[in-house]
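As structure tokens, the structure follows; a few thoughts come after it.
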Amino acid sequence: TDSFNYSRYHKLSEIYSFQDMLVAENPNLVSKIVIGQSYEARPLSVLKFSTGGTNRRAIWIDTGIHAREWITQASGIWFAKKIVKDYGSDPALTDILNNMDIFLETVTNPDGYDYTQNSNRMWRKTRKPNPGSSCVGVDPNRNWDSGFGEPGASSNPCSETYRGPSAHSESEVKAIVDFVVAHKNIKAFVTIHSYSQMLLYPFGYTSAPSKDEAELHSLAQKAITDLASLYGTRYTYGSIIDTIYQASGNTVDWTYEQGIKYSYTFELRDTGFHGFLLPAKQIVPTAEETWLALMAIMSHTFKNPY
Amino acid sequence: KELFKGHQVLQIIPKNDAQLAFLKDLEDVLEFELDFWKGVTAVSCPVHVRAPFQFLQLLKRILKRKDISYVPMIDDLQAVLDEEQKEIELFARSLKPKN
């Protein structure tokens with residue numbers, strides 16, 4: 001994985017090979033677990049970074065739930081390599097990994113990602129057909145059982161924000177739900193999207209503040225300050241509903257309501273020149289700066305057990 | 001492979017609540033096949049929308065009639081996609097072992 005080109009977008013098969021290579025190179029730190037299958041029967045692979053112990057407190061990071069947001073899958077690959085490179089040399093990460101596990105799902109919506117590579121670069125949703133409609137797919141960030149069906153998602157299968165027929169109807173979502181529920185010890189959950197440079201916390205389906213809003217807000221501020229320290233990239237932050245718009249059935253509302261206090265969603269670069277077509281030369285800078293924010297969230301989670 | 005020839009991505013900045021409300025309504029009109037890359041949020045916050053070639057002029061006329069200003073963010077989406085694809089293919093070729 002040293003010779004893997006982190007400054008390029010890669011096909012799904014190359015990402016799968018990268019994951020296997022990383023596991024082979026770091027057998028005492030990295031393993032691959034398969035938490036389910038996508039609609040088109042692709043494995044839903046998660047990299048587990050662990051130094052031992054059973055069912056340690058854990059941090060979850062996922063990238064690529066929206067297929068066309070290529071910068072996120074590419075950043076996820078970079079994070080995976082960064083973790084193995086920094087373990088043992090970066091004291092903060094070493095401390096975290098000596099006590100907690102990190103789970104990283106780099107291609108959360110593999111069917112969609114493959115579809116963006118081969119058929120439609122602008123595809124966002126899953127690839128499951130919708131009975132009675134010619135429109136395919138569900139927005140997997142509206143499919144969670146938290147405010148599901150309330151305003152802030154569409155009931156029309158042709159909409160980009162179609163919520164699906166029922167909560168957790170998408171196998172890509174259900175796999176994470178089952179994993180989180182079974183694990184019982186995930187303490188931070190970060191789901192990564194693009195674009196528009198924001199760091200958001202619950203809630204999206206209601207304007208009621210979460211009971212941890214003050215802490216989530218100040219941690220978000222610290223994270224985006226650290227992020228900006230590298231290249232000066234400016235982020236906004238706040239609750240989903242206050243910062244963007246009402247979004248029901250979204251990932252972090254569900255994780256927060258499951259008791260995962262440090263639940264965040266990122267929107268990575270940019271602010272309006274490239275959108276989903278962020279040039280590949282921006283992959284590494286984006287991942288580098290995002291890593292600083294992730295470290296802020298992970299360190300805070302480690303130092304503030306609950 | 002779906003092509004996006006003639007598609008443009010427009011940046012629209014709503015100036016007031018009326019324009020904001022209009023753009024919010026537009027988000028729900030699926031017939032125009034508009035793809036909101038960045039959704040409608042608040043007055044003065046940019047909205048990014050991909051418009052397919054067949055509805056582009058209509059959208060521009062509607063925006064003009066409503067006095068909503070816009071600028072193209074991406075002039076020709078397919079040209080950018082071609083560039084992206086070329087780069088990926090060049091890289092893939094460079095990985096193949098030489099004789």
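A few points about this structure:
- Residue count for segment A:266-294, restricted to those that are within 12 Å of chain B (Cβ to nearest Cβ) and among the basic types (Lys, Arg): 1.
- Tally of residues being more than 28 Å from residue A:145 (Cα to Cα), buried (at least 23 other Cβ atoms within 10 Å of the Cβ) and polar (S, T, N, Q) across segment A:225-255: 0
- Flag not set for residue A:86, criterion: under 13 Å from the mean Cα position of the chain (by Cα), farther than 22 Å from residue B:81 by Cβ and away from chain B (no Cβ under 14 Å).
- Test: residue A:77 is in contact (Cβ under 8 Å) with a residue 40 or more places away in the chain, in contact with a His (Cβ under 9 Å, 6 or more places away or on another chain) and buried (at least 16 other Cβ atoms within 10 Å of the Cβ): yes
- Taking residues in segment A:37-64 that are among the β-branched types (Val, Ile, Thr), and partners anywhere that are in a loop (DSSP other than H, G, I, E, B), the pairs with Cβ atoms closer than 8 Å and at least 6 places apart or on different chains are A:51/A:28; A:51/A:29; A:51/A:87; A:59/A:100; A:63/A:106; A:63/A:107; A:63/A:108.
- Strands (runs of 3 or more DSSP E) fully within chain B counting 3 or more residues that are buried (at least 16 other Cβ atoms within 10 Å of the Cβ) and within 8 Å of chain A (Cβ to nearest Cβ): B:35-38
- Search result, residues across segment A:138-177 that are farther than 23 Å from residue A:60 by Cα, out of contact with any strand residue (DSSP E or B) (no Cβ under 9 Å at 6 or more places or on another chain) and surrounded by 20 or more Cβ atoms within 10 Å (Cβ to Cβ): A:152, A:164
- Applying the condition of being on the phi > 0 side of the Ramachandran plot and touching a residue at least 60 places away in the same chain (Cβ under 8 Å) to segment A:126-154 and asking which residue is farthest from the chain's Cα centre (by Cα) yields A:149.
- Count - residues of segment A:80-109 that are farther than 22 Å from residue A:286 by Cα, assigned to a helix (DSSP H, G or I) and either touching a Pro at 6+ places or on another chain (Cβ under 7 Å) or touching a residue at least 24 places away in the same chain (Cβ under 8 Å) (or both): 5
- Just one residue in the set A:75, A:7, A:89, A:13 is of a type in the set (Gly, Ala, Ser) and more than 27 Å from residue A:275 (Cβ to Cβ); that residue is A:89.
- The set of residues in segment A:238-249 being polar (S, T, N, Q), in a loop (DSSP other than H, G, I, E, B) and within 13 Å of chain B (Cβ to nearest Cβ) consists of A:246 alone.
- Here residue A:14 clears all of (1) within 24 Å of residue A:185 (Cα to Cα); (2) free of Cβ contacts under 8 Å to residues at least 60 places away in the same chain; (3) assigned to a helix (DSSP H, G or I) except the condition numbered (1).
Rundown of residues vs (1) outside any loop (DSSP other than H, G, I, E, B); (2) among the small types (Gly, Ala, Ser); (3) at pLDDT 95 or above, yes/no style:
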{"site": "A:19", "(1), (2), (3)": "yes, no, yes"}
{"site": "A:36", "(1), (2), (3)": "yes, yes, yes"}
{"site": "A:39", "(1), (2), (3)": "no, no, yes"}
{"site": "A:61", "(1), (2), (3)": "yes, no, yes"}
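- The C-beta contact set for segment B:86-99 (first residue modelled with pLDDT of 75 or more, second residue of a type in the set (Phe, Trp, Tyr), distance under 9 angstrom, 6+ apart or interchain) comprises B:87/A:9; B:88/A:9; B:91/A:9.
- Segment A:177-208: number of residues that are in contact with a helix residue (DSSP H, G or I) (Cβ under 8 Å, 6 or more places away or on another chain) and not hydroxyl-bearing (Ser, Thr, Tyr): 15
- Those residues of segment A:209-224 which are part of a helix (DSSP H, G or I) and either in contact with a Lys or Arg (Cβ under 9 Å, 6 or more places away or on another chain) or surrounded by 14 or more Cβ atoms within 10 Å (Cβ to Cβ) (or both), in sequence order: A:213, A:215, A:216, A:217, A:219, A:220, A:221, A:222, A:223, A:224
- Looking only at segment A:7-54, and only at residues there that are within 14 Å of chain B (Cβ to nearest Cβ) and hydroxyl-bearing (Ser, Thr, Tyr), the one that is surrounded by the fewest Cβ atoms within 10 Å (Cβ to Cβ): A:13
The values are calculated or read from the model by the stated rules, or taken from the named source; none is laboratory data. Note that the coordinates shown come from a computational prediction; the quantities given were computed from them, not determined experimentally. For neighbour counting, all protein chains shown are included, and Cβ atoms are generated from backbone atoms with ideal geometry for every residue, glycine included.
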